1. Could you give the length gained by full extension between residue 377 and residue 202, i.e. 0.36 nm per residue of separation minus their alpha carbon distance, to one decimal place?
2. Which of the peptides 329-339, 155-165, 178-188 is most tightly packed, and how do the rest follow, going by the mean number of other Cβ atoms within 10 Å of each residue?
3. What is the distance, in nm, between label points placed 7 Å from the Cα along the Cα-to-Cβ direction at residue 187 and at residue 272?
4. What is the projected area of the convex hull of the Cα atoms of region 316-386, averaged over all directions, in nm²?
5. About its Cα centre, how strong a charge dipole does region 316-386 have in debye, to the nearest 20, once Lys and Arg get +1 and Asp and Glu get -1 at the Cβ?
6. If R₀ is 56 angstrom, what is the calculated FRET efficiency for the pair residue 94 and residue 338, using the beta carbon separation as r and rounding to 0.05?
7. Given a Förster radius of 56 Å and the C-beta distance between residue 331 and residue 37 as r, what FRET efficiency does 1/(1 + (r/R0)^6) yield to the nearest 0.05?
8. Stretched out fully, how many nm does the piece from residue 291 to residue 250 gain, at 0.36 nm a residue minus the Cα gap?
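Throughout, read-outs are computed from the coordinates displayed, never taken from laboratory work. From a predicted model like this one, the values you see are computed outputs, not experimental measurements. In this analysis, Cβ positions are derived from the backbone assuming ideal geometry, glycine residues included, and neighbour counts consider all displayed protein chains.
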Amino acid sequence: MAAAATTTLSRSSTRILVASADPTFRKRLMQSPAYTEALSEEAVGGAHALAKLAHFSCDSVLLDRNLPDLDAGEVADLIRHRYPRTEVEFVDSRMECRLREEKAGVHSRVESADENTPDLEDLRRSDLGCSLLLDESAETLPAMLGSSSAMRYVYRMARMVAPRDTTVLITGETGTGKELVAQAIHKLSPRANHPFVVVNCAAIPEALFESELFGYSRGAFTGAVQSRLGRVHVAQGGTLFLDEIGELPLNMQAKLLRFLQNGEVQRLGSSEVYRVDVRVICATNMNLLEHIQSKQFRQDLYYRLAIFPLVVPPLRERAEDISVLCKHFLAQLCVENSVPPKQLTASALGVLQRAGWEGNVRELQHAVERAFILSGDTNTLSAEHFQLFGERTQLREI
């Protein structure tokens, strides 16, 4: 491979993020003349950098090619797609000896992220590089539908993280399909033949949360006539999906953080400690950063959960998927009710695509089911069948 091209950074960014596992190298970059007056943040790896960017808006990311956890090219593509106004500059901690020779007042030299550098060309020709170029042929996820650009991005990111044990935080509005994404990641992972255990954090009373999650031994409390394994232990070898993680009580957040850090479980009322091998995926429709500000969610737990954040877009941002979703739901209803296939009229699709869908895919599915019932023995569903019974939006035949 040809030697990487270098360029001199003469621009002084207002806000920068330096991502490298080498603390000395990070410090040297932040103290270089180009960045001495910049507001800077540090990240110890690629995953940490992605978590930092979720709440730290910056002009430039200095990304070490020698990251300890993720491929630098893959992290760079993620940043460029999520934050198109943020510039990514590749740096190399192995060049520290050269940086040490730089004289005071001379700008630090870093590798350019220019499209024409041989290193990037080699990356783009590699299998990994090609998979990250946001191509049009991204495969869908198991049990998911839609070919919009927003969903193709979700598919790519989910497939990228699935083979790893990285903790994933899936965010999105109610009804967007966050649990389906979590299930798909599990099915595409090496853990696919092991349990996928769902814990709805909003459905468990606070007093019972610890025993539900970590289990209890006989006699731990009144009514505990026999020992019971918690959900974490049940998920051994597989995936633990914590839905509505924003509803997790504060006292349990510290205990969950400890489990994530050491992989150990101690049942309520027992002194025995068990090691478990579980991958954790979380989901929420809340803005956890706002909950951190209001002291309702621990910041250290957020960083541990959001190693790989994944946002599922609302239906209104993927209107081109409405047609295929409606046809799928309708075909499913026809099979389940043993009736001949039915069709949607063009006018029905038109009004459906213009609706707001605050309930997202789940609301759309329910609307199709109501229309299916109202259509009776007819073989088509028209706009009049989608009247939403006095709800906010009235759909009319045009």
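1. Working: separation 175, 0.36 × 175 = 63.00 nm, distance 4.08 nm.
So the chain would gain 58.9 nm between residue 377 and residue 202.
2. Numbers: 329-339: 13.3, 155-165: 18.7, 178-188: 21.0.
Top to bottom by mean Cβ count within 10 Å: 178-188, 155-165, 329-339.
3. Here the answer is 3.6 nm between the modelled labels.
4. Values: hull surface 16.6 nm².
Taking a quarter of the hull surface, the average projection is 4.2 nm².
5. Values: 7 positive and 9 negative charges, 15 e Å.
In debye, rounded to 20, region 316-386 gives about 80.
6. Working: r = 67 Å, r/R0 = 1.19.
Rounded to the nearest 0.05, the efficiency is 0.25.
7. Numbers: r = 61 Å, r/R0 = 1.09.
E(calc), rounded to 0.05, equals 0.35.
8. Values: separation 41, 0.36 × 41 = 14.76 nm, distance 1.11 nm.
Contour length minus the Cα-Cα distance gives 13.6 nm.
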